[in-house]
Amino acid sequence: MTSATPPTAADFFTRTAERAPRVLDRRDGPYGEIVLRQRGADPEAVFEIIANGCFLMDTSDGRSERLLIRAALDAAAVPRPSVLVGGLGAGFSLAEAAADPAVSRITVLEREEAVVRWHSGPLARFSAGALDDPRTEVVTADLLDHLRGTRDRWDVVCLDIDNGPEWTVTDANGGLYGFAGLTVLQRALAPTGVLAVWSAAPASDFEERLRARFQRVRRLDVEVKRGAPDVVYLASQVQ
């Protein structure tokens, strides 16, 4: 009977290096640093988006991002809904919207040009060709800045821009979830429209602000692999 050869320090560092994420792209832009990383090898690779050193999202589990769209479309209950997706990210939300043939038009607001480019490369499989859908328009702009300057209205407005209302990528994003930001978002909604907001955790203060502005507010908890449930908030003026 022979014993296994104990691992050496070199073996340890090799295994650690294999588990460490690999940086695919790193850009500095007007909103800071944005990074695309890859963990593991294809076809099981997981891609991560890091903004200003803060983990933003990955491709390991898109259930809550898809629910963000699906639940909002179901709540809007109009025949040919228009959809605004705030934040392209890993592409799950956009892909869900484009998968519904009833959706009439999709506007994606993504302020990071690098993220849009990644969907012509490593992230293309997750947006599932939705950027080439004739119903899809991609606008590279800050969401609030764009909404303040447009008269467009949507039946569904879905936000997946930060880790949640209380965990923003940049300090400036905090204004999106305050009363002033909610005023802008309300103006972007059709009269029977639905606002959906993704969060990595419950945001009680934000929920209170929603209830002060909207007739109906619901919170959906979504179990995910990585830990605590994600949260989707739905708000509308229709009871």
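Only one of the numbered conditions (1) within 29 Å of ARG216 (Cβ to Cβ); (2) of a type in the set (Asp, Glu); (3) buried (at least 17 other Cβ atoms within 10 Å of the Cβ) is violated by ASP145, and that is (3).
Can you pull out the residues in the stretch 30-50 that are among the small types (Gly, Ala, Ser) and either in contact with a Ser or Thr (Cβ under 6 Å, 6 or more places away or on another chain) or surrounded by 12 or more Cβ atoms within 10 Å (Cβ to Cβ) (or both)? If you could, list the steps in order and put the result at the bottom.
To start, the set of residues in the stretch 30-50 that are among the small types (Gly, Ala, Ser) comprises 32, 40-41, 45.
Matches in the stretch 30-50: GLY32, GLY40, ALA45.
Would a scan of the stretch 157-175 turn up a residue that is among the acidic types (Asp, Glu) and at pLDDT 95 or above? Checked the stretch 157-175: no residue is among the acidic types (Asp, Glu) and at pLDDT 95 or above. Of all residues in the stretch 103-117, at least one satisfies being in contact (Cβ under 8 Å) with a residue 60 or more places away in the chain and open to solvent by less than 10 Å² (accessible area, probe 1.4 Å). One residue stands out in the stretch 37-49 among those that are among the aliphatic types (A, V, I, L, M) and touching an Asp or Glu at 6+ places or on another chain (Cβ under 8 Å): the one that is nearest to VAL85 (Cα to Cα), namely ILE49.
In this structure, ALA188 does not satisfy being within 18 Å of the chain's Cα centre (by Cα) and among the small types (Gly, Ala, Ser). Cβ-Cβ contacts under 9 Å between residues 6 or more apart (or on different chains), taken from a first residue in the stretch 29-51 that is without any contact (Cβ under 8 Å) to a residue 12 or more places away in the chain and on the phi > 0 side of the Ramachandran plot to a second residue that is open to solvent by less than 20 Å² (accessible area, probe 1.4 Å) and part of a loop (DSSP other than H, G, I, E, B), are absent.
Of everything in the stretch 51-74 that is at pLDDT below 95 and open to solvent by 30 Å² or more (accessible area, probe 1.4 Å), the residue that is nearest to PRO191 (Cα to Cα) is ARG63.
The values are calculated or read from the model by the stated rules, or taken from the named source; none is laboratory data. Every value quoted in this text rests on a predicted model; they were computed, and no experiment measured them. No Cβ is skipped: glycine too gets one built from the backbone with ideal geometry, and neighbour counts run over all protein chains shown. Heads up: the accessible areas ignore ligands, DNA and RNA and are worked out on the full protein's heavy atoms, side chains in. Shrake-Rupley method; radii C 1.70, N 1.55, O 1.52, S 1.80 Å.
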